[in-house]
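Below is one structure, written out as structure tokens; the observations come after it.
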Amino acid sequence: MDVQVTMEVKERIATISVNRPEALNALSKDIIDKIDEMIEEIKRNKDIRVLIFYSRDNFAAGADIKVMSECNPRQAREFVFTETYNKIHDLEIPTIAAIDGYAFGGGLELALTCDFRIASKDSKMGLTELNLGIMPGAGGTVRLARIIGESRAKEMIFLSKVIDGVEAERIGLANAAVDKEELYAAALSWAERLKRKSGVSLAAAKKSIENGICITDIHSSTNTEAEIWASLFDSYDQKEGMRAFIEKRRPEFLDK
Ligand code: CO8
């Protein structure tokens, strides 16, 4: 059994954890392939409503430098994690990266695929690849700029700048910075709140926000938003949600 990465599902919340403490949870291709299988399982299991990435002590100190060091371009292309990271990005359910310790390189890039990042205050984050003579290669150059803006992304990437959780929250890289001991509980509390929403409307909002970011023409993205919005009026949850408001009670969503 592979114990370097595990997935636990509890009360409709899945938690994926890397367990490779001897390498500060550096991500090997085997670990990423296993995570890929878990993502496929999550896509099949409609009961899972939120995904958390949380690994004890260190989120991940990057992709495995020891394996990459001798790669030629073809081998590096095979090693790259992009396909799996895009699958995580595309998940319909909300995703949270709970970041403790180091989140460097491919580790931070994994966190960037998530909808939310919650960091412990003294965690350390950086896209430090330029220190190794490479650049971020698993979505970092694209996603970091989307999340914190072009100029700050360039500052972090060009200078291999490492920031802590407090600074990450200040610049919008993290949604919250909490004490280390409270990290997983804080992520769970976010997941609980997300879980109570309609899965249908949440997935629609996620899709529409993505569309708005990707399509620069505001007319096109707002029109697509309107189409997605209108399509929700075919759902049970829209009827229930509005009825509940009118009847002054909590909605009982059925995800359909
Ligand atoms: N890969 C492999 N092993 C690692 C990694 C890593 N990324 N990080 C740490 N380790 C290992 C160390 O080699 C060491 O093992 P050993 O005892 O066998 O030598 C062990 O973990 C403990 O590490 P340190 O002794 O260095 O611990 P320190 O507390 O002194 O330092 C640091 C911690 C600062 C995190 C330090 O380990 C470090 O700088 N690590 C590298 C961080 C880094 O540069 N990450 C980016 C890697 S490049 C990358 O991720 C490319 C992504 C782009 C494409 C992604 C898809 C392929």
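Bear in mind that the values in this text are calculations on the coordinates, not laboratory data. Given the structure is predicted, the values throughout are model-derived calculations rather than measurements. Note that we place each Cβ from the backbone using ideal geometry, even for glycine, and neighbour counts take in every protein chain shown.
Some points to look at:
- Taking the fewest neighbouring Cβ atoms within 10 Å as the starting point, the ordered list for Leu27, Leu194, Leu132 is Leu132, Leu194, Leu27.
- For Lys206, the lysines whose Cα comes closer than 17 Å to its Cα, not counting residues fewer than 8 places off in the same chain, are Lys43, Lys46, Lys87, Lys195, Lys197, Lys256.
- Folded to 0 to 90 degrees: helix 183-195 orientation relative to the chain principal axis, Cα: 30 degrees
- Expressed as a whole percent, the proportion of Cα-Cα pairs in region 80-143 lying more than 19 Å apart is 29%.
- The Cα center of region 8-74 and the Cα center of region 146-192 differ in position by 19 Å.
- Folded to 0 to 90 degrees: helix 218-231 orientation relative to the chain principal axis, Cα: 50 degrees
- Each listed q (0.14, 0.15, 0.17, 0.31 Å⁻¹) maps to a log10 I(q)/I(0) for region 41-94 from the Debye sum over equal C-alpha point scatterers, namely -0.57, -0.64, -0.76, -1.20.
- Rounded to 0.05, the FRET efficiency of the Thr82 and Phe233 pair, given R0 = 30 Å and the Cβ-Cβ distance, is 0.25.
- Helix 236-246 and the longest principal axis of the C-alpha atoms of the chain enclose an angle of approximately 60°.
- Neighbour-count ranking [beta-carbon atoms within 10 angstrom, fewest first] of Leu232, Leu183: Leu232, Leu183
- Cα coordinate range in region 146-256, projected on the principal axes (Å, largest first): 52, 42, 19
- Normalised Debye scattering of the chain at q = 0.13, 0.15 Å⁻¹ gives log10 I(q)/I(0) of -0.86, -1.11, counting only Cα atoms as equal scatterers and leaving out solvent.
- Counting neighbouring beta carbons within 10 Å and listing from fewest to most, the residues Met125, Met242 come out as Met242, Met125.
- Among Ala119, Val5, Ser198 the positive-end extreme of the charge dipole of the chain (Cβ point charges): Ser198
- Note on the chain: with a GNM built from Cα contacts shorter than 10 Å, the maximum mean-square fluctuation among Ala63, Ala205, Ala176 falls on Ala205.
- Placing unit charges on the Cβ atoms only, positive for Lys and Arg and negative for Asp and Glu, gives the chain a dipole magnitude near 560 debye about its Cα centre.
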